[in-house]
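Visitor: Take a look at the following structure, please.
What follows draws every value from the coordinates through simple rules; no lab data is involved. If you're wondering where the values come from, they're calculated on a predicted model, not measured in any experiment. Glycine also receives a Cβ, built like all others from the backbone with ideal geometry; neighbour counts cover every protein chain displayed.
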Amino acid sequence: AEIQKFQKRAQNYRNIYDSSLKLMRGRQLDGKFQNSFSPFRWGGEFVEGNSWHYSWSVFQDFKGLSNLMGGDAEMVNMLDSVFNMPPIFDIGGYRTVIHEMMEMQVMNMGQYAHGNQPIQHLIYIYNYCGAPWKAQFHVRDAMHKLYKPTPDGYCGDEDNGQTSAWYAFSAMGFYSVCPGSTQYVIGSPLFKKVTLNLENGKQFVISAPNNKDKNIYIQSALLRGSNYTKNYINHADILKGGVFQFNMGEKPNLNRGTKESDKPFSMSK
């Protein structure tokens with residue numbers, strides 16, 4: 001009974017989805033959407049962010065969100081919009097400019113506000129809607145632009161280690177998008193070789209021998225010698241040890257990781 005209760009609650013995001021905007025929007029006590037609404041407005045129903053940031057907080061069901069948006073192509077279009085829009089903001093409920101707004105503007109990556117944690121998983125959502133090469137581009141772009149080994153090297157708050165954790169995982173080549181799942185979603189490994197010394201005594205090696213600044217796209221991958229097309233890797237597969245090898249290149253492989261079976265977990269089918 002408990003499982004069913006929480007399964008039902010995990011679909012409540014559908015109640016605040018506005019199909020006319022393809023974004024999440026606050027409702028009033030009478031159940032109607034708020035009269036005045038701007039997707040650029042911070043505050044109100046959103047804490048330190050706006051609708052463009054919080055509409056993607058459906059970690060457990062991006063397939064369901066894609067269905068609401070009208071399919072994967074439309075979801076890719078909405079994700080692209082986050083990066084293509086100007087980094088403008090409406091101070092809204094805050095009545096003053098807060099540092100998170102300024103950080104988004106200074107970073108100049110559209111409405112992508114990496115300096116504030118609610119959006120840090122967004123890049124990896126491309127893996128759920130058939131465009132993994134776009135995740136590979138943006139994850140490398142964010143690592144390159146937003147992290148520097150200088151006194152002012154962070155693009156915003158560290159917030160309990162989250163901003164560092166994003167980088168550490170992303171540099172290895174994957175990220176925990178949905179913490180309740182056993183899957184890590186694949187991005188673009190930064191190094192030629194990373195060795196994880198596991199608690200069970202085994203080693204898991206992430207290898208990308210031809211990696212360099214321009215080679216940001218995964219051409220193909222091998223897990224312990226077998227061809228691997230999925231956009232995620234299971235925790236159990238890491239614990240087995242062995243080598244996870246990526247063949248990197250300058251141009252995206254538009255066919256790899258595009259099948260339904262290559263997508264990470266979603267509650268909806």
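Visitor: Normalized C-alpha radius of gyration of region 56-128, against 2.2 N^0.38 Å?
Guide: In units of the 2.2 N^0.38 Å rule of thumb, it is 1.20.
Visitor: Calculated from DSSP H runs of 4 or more alone, at -39500 (n - 2.57) each and per residue, what is the 222 nm mean residue ellipticity of the chain, nearest 500?
Guide: -7500 deg cm²/dmol
Visitor: May I pose another question? So how long is each side of region 47-91 along the principal axes, counting just the alpha-carbon atoms, biggest first, in Å?
Guide: Principal axes ranked by extent give 31, 22, 12 Å for the Cα atoms.
Visitor: Quick one: pull the percentage of alpha-carbon pairs in region 1-56 with a separation above 18 Å.
Guide: Considering region 1-56, 38 percent of its Cα-Cα pairs are separated by more than 18 Å.
Visitor: Using the Kirkwood formula on the Cα atoms of region 181-269, what hydrodynamic radius do you get, in angstrom to one decimal?
Guide: About 13.8 Å for region 181-269.
Visitor: Could you check the simple spin-label distance between VAL194 and THR150, using points 7 Å along Cα→Cβ, in nm with one decimal?
Guide: Between VAL194 and THR150, the simple spin-label model gives 2.4 nm.
Visitor: Would you please calculate the Kirkwood hydrodynamic radius of the chain over all C-alpha pairs and express it in Å, rounded to one decimal?
Guide: Over the chain, the inverse of the mean reciprocal pair distance is 19.6 Å.
Visitor: List the relative contact order of the chain as a percent without decimals, with contacts defined as Cα pairs under 8 Å and 6+ residues apart.
Guide: Relative contact order of the chain: 15 percent.
Visitor: Kindly give the semi-axes, whole Å and largest first, of the ellipsoid equivalent to region 84-216, taking each as the square root of 5 times a Cα gyration tensor eigenvalue.
Guide: Details: eigenvalues 163, 52, 48 Å².
Equivalent-ellipsoid dimensions as semi-axes: 29, 16, 15 Å.
Visitor: How about region 198-269: which GluC sites (Glu not before Pro) there are in a DSSP loop, with at most 14 other Cβ atoms within 10 Å of their Cβ?
Guide: Here the GluC sites (Glu not before Pro) that fit, given the DSSP loop and packing criteria, are GLU199, GLU250.
Visitor: Additional query: Using a Gaussian network model of the chain with C-alpha springs under 10 Å, which one of ASN231, ASN35, ASN77 is most mobile by mean-square fluctuation?
Guide: Greatest mean-square fluctuation among the candidates belongs to ASN35.
Visitor: Need one number for region 1-154: average projected area of the convex hull over its C-alpha atoms, nm².
Guide: On the way: hull surface 43.4 nm².
That works out to 10.8 nm², a quarter of the Cα hull's surface.
Visitor: Let me ask you something else. Counting other C-beta atoms within 10 Å, and keeping those with at most 13, which DSSP coil GluC sites (Glu not before Pro) do you find in region 92-193?
Guide: Answer in residue order: GLU158.
Visitor: If you don't mind, another one. Ordered by residue, what ³J(HN,Hα) values in Hz, to whole numbers, does region 154-166 give under the Karplus form 6.51 cos²θ - 1.76 cosθ + 1.60, where θ = phi - 60° and Gly and Pro are x?
Guide: So the Karplus estimates, Gly and Pro as x, are 9, 8, x, 5, 7, 6, 6, x, 5, 5, 5, 4, 4 Hz.
Visitor: Using each residue's phi in region 218-230, evaluate 6.51 cos²θ - 1.76 cosθ + 1.60 at θ = phi - 60° and report the 3J(HN,Hα) Karplus result to the nearest Hz, with x for Gly and Pro.
Guide: Running phi through 6.51 cos²θ - 1.76 cosθ + 1.60 with θ = phi - 60° gives 7, 8, 6, 9, 10, 10, 6, x, 9, 4, 10, 10, 5 Hz.
Visitor: Which lysines, if any, have their Cα less than 19 Å from the Cα of LYS240, not counting same-chain residues under 8 positions apart?
Guide: LYS193, LYS202, LYS230
Visitor: How big is the Cα convex hull of region 148-219 in projection, averaged over all directions, in nm²?
Guide: 6.8 nm²
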